[in-house]
Amino acid sequence: EKMKIGIDIDGVILDYERVLKTYGDLYDFIELKKGGIINRNEHYLRNRYDWTDEERMNFVNKYFLKLSKQTPLIPGAKDVINMLQKEGNELIVISARGGMVEEMKDVAIEKFKEEGISFNKYYWKQDDKLEVAQKENIDFMIDDSYDVCKKLSANGIKTIYFRDKEMKKLEQNEFLKEVSNWGEIYRYIREV
């Protein structure tokens, strides 16, 4: 059974969210001298810290691209992506990347090339992934965002929630499966 699988990049293929939080915490403590985490289980910087817009944009401009270049792959991502492709599935990147900082898109493409990973299609700068998921008629979406997973699963799209331990939990159901690594993702996709 050939499947169409939508895959998010940050926090799913590239360990960017963890890198971002690490340096966000350092920026908050060292440069801003704040005690600024207001909400640990928030994905987005604007909800995570009590930064002003100026402080947040300063962090974005100073660190986003630099950190993006030094972000490693999440363990197992490459192997499982390659296996899923060999099995004839269609893999489609659906990512918000490139929306804030255009060049981050190129960094990801470059990194995929270096690692020997490729995808059938790419959708960049996607904040609302539902439209693309429906248009492409995907069988599964793999994402680490609480909001994205909640919305897609509520709309009847099988969603795999790659949840960081600090992030909010979602009730699992026939459209929502929580995982914590790529081994679980492969098992779930193959067993369904």
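The values are calculated or read from the model by the stated rules, or taken from the named source; none is laboratory data. Since we're looking at a predicted model, the values are computed, not measured. In this analysis, Cβ positions are derived from the backbone assuming ideal geometry, glycine residues included, and neighbour counts consider all displayed protein chains. Quick note on the areas: whole protein, heavy atoms, side chains included, nothing else; ligands and nucleic acids left out. Shrake-Rupley method; radii C 1.70, N 1.55, O 1.52, S 1.80 Å.
The C-beta contact set for region 14-41 (first residue on the phi < 0 side of the Ramachandran plot and surrounded by 16 or more Cβ atoms within 10 Å (Cβ to Cβ), second residue of a type in the set (S, T, N, Q) and in a loop (DSSP other than H, G, I, E, B), distance under 7 angstrom, 6+ apart or interchain) comprises L14/T71; D15/T71; Y16/T71; V19/T71. Among the residues of region 147-168, are any farther than 28 Å from L65 by Cβ, of a type in the set (K, R) and not in a helix (DSSP H, G or I)? Yes, that holds for at least one residue. Residues in region 150-177 that are touching a residue at least 40 places away in the same chain (Cβ under 8 Å) and within 20 Å of E136 (Cβ to Cβ): F162 only.
Restricting attention to region 173-185 and to residues that are assigned to a loop (DSSP other than H, G, I, E, B) and within 14 Å of L152 (Cβ to Cβ), the residue that is most open to solvent (accessible area, probe 1.4 Å) turns out to be E174. Looking at D106, D79, D127, just one residue is part of a loop (DSSP other than H, G, I, E, B), within 19 Å of Y16 (Cα to Cα) and either modelled with pLDDT of 95 or more or open to solvent by 70 Å² or more (accessible area, probe 1.4 Å) (or both), and that residue is D127. Scanning region 45-56 for residues that are surrounded by 13 or more Cβ atoms within 10 Å (Cβ to Cβ) and assigned to a helix (DSSP H, G or I) yields L45, R48, E55, R56. Within region 12-24, the residues that satisfy the criterion of being modelled with pLDDT under 95 and either touching an Asp or Glu at 6+ places or on another chain (Cβ under 9 Å) or part of a loop (DSSP other than H, G, I, E, B) (or both) are Y16, E17, R18, L20, K21. Scanning region 86-103 for residues being under 21 Å from Q70 (Cα atoms), of a type in the set (D, E, K, R) and open to solvent by less than 70 Å² (accessible area, probe 1.4 Å) gives a total of 1.
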